[in-house]
Amino acid sequence: MFRPVKMCKVNILVLAKHVTELTRRLGQCGLVHLIDAVSQSQDRLLKEVDQERDERTLENLINRCDRLIEALGVDSEAEPPTLGELNQDDVSAILTKIFTRYQEQDNTIRQLLRDSGSLTQESAILATYPLQQVKLEALRNLSHFYLVTGRLAPSVLPRAATVMGDRAILVQADGQEGNVLVIASRKNRWAVEDELSKFGFTPVEPPETKEDTAAAAHEQMEDELETLRRNIEECRRKVIRLSEEYGGILLAIRSRLRGLLAVRRAQQHFGRIAQLYCISGWTPHSEVEAVRKLVAENTDGAGVVEVIDAEDDILVKAGLEDVPVKFSGGSWLRPFQMLVANFGLPQYNEVDPTIFVAISFVILFGFMFGDIGQGAVLAAIGFWMRRTKRQIPAFMRDAGGLLIGCGLSAALFGVAYGSFFGYENHDILPALWLSPLNTNDITQLLATAVGVGIVFTSVAIIINIINRFLARRYFDGVFDRFGILGLLFYWFALGAGITLLVTGKLPSWAIALVILPLVLLLLKGPIQLIMRRRQKRRPGSEEDEGGILNIIIEACIELMETLTGYISGTVSFVRVGAFAISHAALCFAIYSIVGVLKNMRIEGALGGVLSIIIIIFGNIVVIAFEGMVAMIQGIRLEYYELFSKYFSGDGIAYEPFQIDEKNDKPSTDPESPA
């Protein structure tokens, strides 16, 4: 609970014929965090496993499968059926067969749509042709007359007819506004066309057709269009039948291919020598036996598993490899592990800060948001988020756990403040501690907030000291500004300040106790230099002198940072009390508005209804706004005032190799098929 889960390194040796199946089973069980096996070989006997060609082949097959699933309209989220054993050649042949059948229908549909489009245009022209019952062939063979049909805006038709005069006759088609027939002599053709263009006339030539009249040609084209539509629908039904026949197979193939692609990508971490493969990774100590059993079952007992505790691993001890971190503890800690992970992860040899974060965060939130009713509402919302049967993301359920803890803490502080939905009547609900709005209690409230900050800061420094000692960095554990000397300075300075406030005097021994840790911190650099010289890690004296000057400057700067850091970090917790006061003041404003309504003496039940509405709406605003503010301030204090003293967040997460055949999509984004 106070340390990450104990991890072990496993090196698995298997024959080449077993490696694919074992990799798949490891991915299904999710037990091993894979690392580069080649780098684990001290004698560099292992060679890298190159799966790039297979990966490209599998990605192409998956892309083809995705395109077919999309083109056939298959439900991509449906559960795939069970599929027998298939190799890549079989899969490629099946996909080619399905695509060929689909492409045949797709090409047919495309051609039918093109034919339908051109026929639709010609049919529309014929439908608007002015001379529906006149033989088109006769119109084309007129030797003395120029005849043309087209479109002309109705508003300019009278003026155009006037301008044309005797040179041409303009006839508007019955019931077809804008469609006109122009009749002129052959010799006036060019003059008529020139005048018509000035009025925006657009000629429409009748399409070539074997029928005698435009009406008959239009009827024939409509019949052809209907035939094309039936053919298109028939092709589409064939595509639907193709989807019903092969949709499940495509989903199963894609699932199988994704799993195989995940296996090939995982094998990039493996090492190989001849027909022997090496798989290296990290697994929790509690899962070692499960890994042994899995290897034995999938290698016919021929696989070998070497287990090394993290503390005994050569690369880890040399600082050349980091051990992945997995949080320990129950589900109630997950919301606070989420807070920690959002900043970073502890290193394997550090204290897991989750417990401290959980305690400190809920206390800080409750301090700032103390109210029985509002805290109960937050807890109820969190309980609903935690227990609802609706499909919500896992992080939302974890956030519900966070709201439960914060809401209960706020309710407890509400009891201490004597506040229920912002209403304070100490005759009915006496404050067990103090009231944030009582002027006599404000000083005590702010002082308590600073006191809470002092306690949390001290715990953070103690955790930092423990982390340094666990990492065997004893010198840093003592001489760091957040080490033993820094903690002693902090406590002695606080003690001196309290003594001065209480007695009005500051004894010389108190001053000495404050100065002594600072002097030792100032000597940190020279002491390190002496130790390095003894270990012969430094070059000649000339460079050492330059190093001494730099060390002195750095020591002075660090000393100033120590002083300002402790002062600002401690004073920063005053905001906790300040936000508690602002929360109470905002609640007080709600009931002040209600009091104004009472003084207005609104007749009937209207005044009571308005008061209830204001109280409910006001509390909703306070819960949303002040709750958000308290959350933000709590996170800020955790990240910037506490984490900065003991937590770097440089750890790496334990991410076991897992195969999610349904969601493990390839990195490429394939184009849809035609």
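The values are calculated or read from the model by the stated rules, or taken from the named source; none is laboratory data. Here the structure is a predicted model, which is why all the values come from computation and not from measurement. Backbone-built Cβ (ideal geometry, glycine too); neighbour counts: all protein chains shown. To get the accessible areas, we keep the full protein, side chains included, count just its heavy atoms, and leave off ligands, DNA and RNA. Shrake-Rupley method; radii C 1.70, N 1.55, O 1.52, S 1.80 Å.
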- In the range 419-455, the residues that are surrounded by fewer than 14 Cβ atoms within 10 Å (Cβ to Cβ) and in a loop (DSSP other than H, G, I, E, B): Asn425, His426, Asp427, Ile428, Pro430, Leu432
- Which of the residues that make up the range 536-555 are open to solvent by less than 100 Å² (accessible area, probe 1.4 Å) and either more than 18 Å from Phe475 (Cβ to Cβ) or modelled with pLDDT of 50 or more (or both)? Pro539, Gly540, Ser541, Asp544, Gly546, Gly547, Ile548, Asn550, Ile551, Ile552, Ile553, Ala555
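Given Gln105, Gln40, which one is in contact (Cβ under 8 Å) with a residue 40 or more places away in the chain and closer than 30 Å to Pro656 by Cα? Give the steps one after another, and end with the answer.
Numbers: Gln105 fails: closer than 30 Å to Pro656 by Cα.
Answer to the selection: Gln40.
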- Query: Out of all the residues in the range 21-33, is one or more part of a strand (DSSP E or B) and either surrounded by 19 or more Cβ atoms within 10 Å (Cβ to Cβ) or touching a Phe, Trp or Tyr at 6+ places or on another chain (Cβ under 7 Å) (or both)?
  - Reply: yes
- Task: Residue by residue through the range 240-297, note down the ones that are farther than 18 Å from Val10 by Cα, among the charged types (D, E, K, R) and within 33 Å of the chain's Cα centre (by Cα).
- Result: Arg254, Arg256, Arg258, Arg264, Arg265
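Answer yes if at least one residue in the range 585-602 is out of contact with any Pro (no Cβ under 9 Å at 6 or more places or on another chain), under 12 Å from Phe369 (Cα atoms), assigned to a helix (DSSP H, G or I) and in contact (Cβ under 8 Å) with a residue 12 or more places away in the chain, and no otherwise. Explain how you work it out, then say what you get.
Going residue by residue through the range 585-602, those that are out of contact with any Pro (no Cβ under 9 Å at 6 or more places or on another chain) are 586-602.
Right, trim to under 12 Å from Phe369 (Cα atoms) and you get 586-587.
If we keep only those that are assigned to a helix (DSSP H, G or I) as well, we get 586-587.
Pick out the ones that are also in contact (Cβ under 8 Å) with a residue 12 or more places away in the chain and you get 586-587.
Yes: one or more hits.
Answer yes if at least one residue in the range 392-399 is assigned to a helix (DSSP H, G or I), within 23 Å of Met338 (Cβ to Cβ) and open to solvent by less than 60 Å² (accessible area, probe 1.4 Å), and no otherwise.
First, pick out the residues of the range 392-399 that are assigned to a helix (DSSP H, G or I): 394-399.
This time we only want the ones that are within 23 Å of Met338 (Cβ to Cβ), so: 394-399.
From the residues that got through so far, the ones that are open to solvent by less than 60 Å² (accessible area, probe 1.4 Å) too are 398-399.
Yes, some residue in the range 392-399 is assigned to a helix (DSSP H, G or I), within 23 Å of Met338 (Cβ to Cβ) and open to solvent by less than 60 Å² (accessible area, probe 1.4 Å).
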- Query: If you check Asp36, Asp54, Asp75, which single one turns out to be modelled with pLDDT under 90, within 30 Å of Leu276 (Cβ to Cβ) and surrounded by fewer than 20 Cβ atoms within 10 Å (Cβ to Cβ)?
  - Reply: Asp54
- First in the range 551-569 and under 23 Å from Gly495 (Cα atoms), second anywhere and part of a helix (DSSP H, G or I), Cβ under 7 Å, 6 or more apart: Leu559/Leu518; Leu559/Leu521; Leu559/Leu522; Thr562/Gly486; Thr562/Leu521; Tyr566/Tyr490; Gly569/Thr457; Gly569/Glu641
- Query: Of (1) touching a residue at least 40 places away in the same chain (Cβ under 8 Å); (2) out of contact with any strand residue (DSSP E or B) (no Cβ under 6 Å at 6 or more places or on another chain), Val325 satisfies all except one. Which?
  - Reply: (2)
- Note on the structure: Those residues of the range 276-295 that are open to solvent by 50 Å² or more (accessible area, probe 1.4 Å), in contact with a strand residue (DSSP E or B) (Cβ under 9 Å, 6 or more places away or on another chain) and either over 17 Å from Val38 (Cβ atoms) or without any contact (Cβ under 8 Å) to a residue 40 or more places away in the chain (or both) come to a total of 3
- Query: Of Val5, Val14, Val10, which residue is outside any helix (DSSP H, G or I), touching a His at 6+ places or on another chain (Cβ under 8 Å) and open to solvent by less than 70 Å² (accessible area, probe 1.4 Å)?
  - Reply: Val5
- Sort through Tyr639, Tyr654 and tell me the only one that's among the hydroxyl-bearing types (Ser, Thr, Tyr), under 26 Å from the mean Cα position of the chain (by Cα) and crowded, with 19+ Cβ neighbours inside 10 Å. Tyr654
- Condition test on Ser360, is it at pLDDT 90 or above and either over 30 Å from Gly451 (Cβ atoms) or touching a helix residue (DSSP H, G or I) at 6+ places or on another chain (Cβ under 8 Å) (or both)? yes
- Query: Within the range 314-329, is there a residue that is in a helix (DSSP H, G or I), more than 30 Å from Met631 (Cβ to Cβ) and open to solvent by less than 80 Å² (accessible area, probe 1.4 Å)?
  - Reply: yes
- Which members of the range 460-504 meet the condition of being farther than 18 Å from Tyr566 by Cβ, in contact (Cβ under 8 Å) with a residue 24 or more places away in the chain and of a type in the set (S, T, N, Q)? Asn467
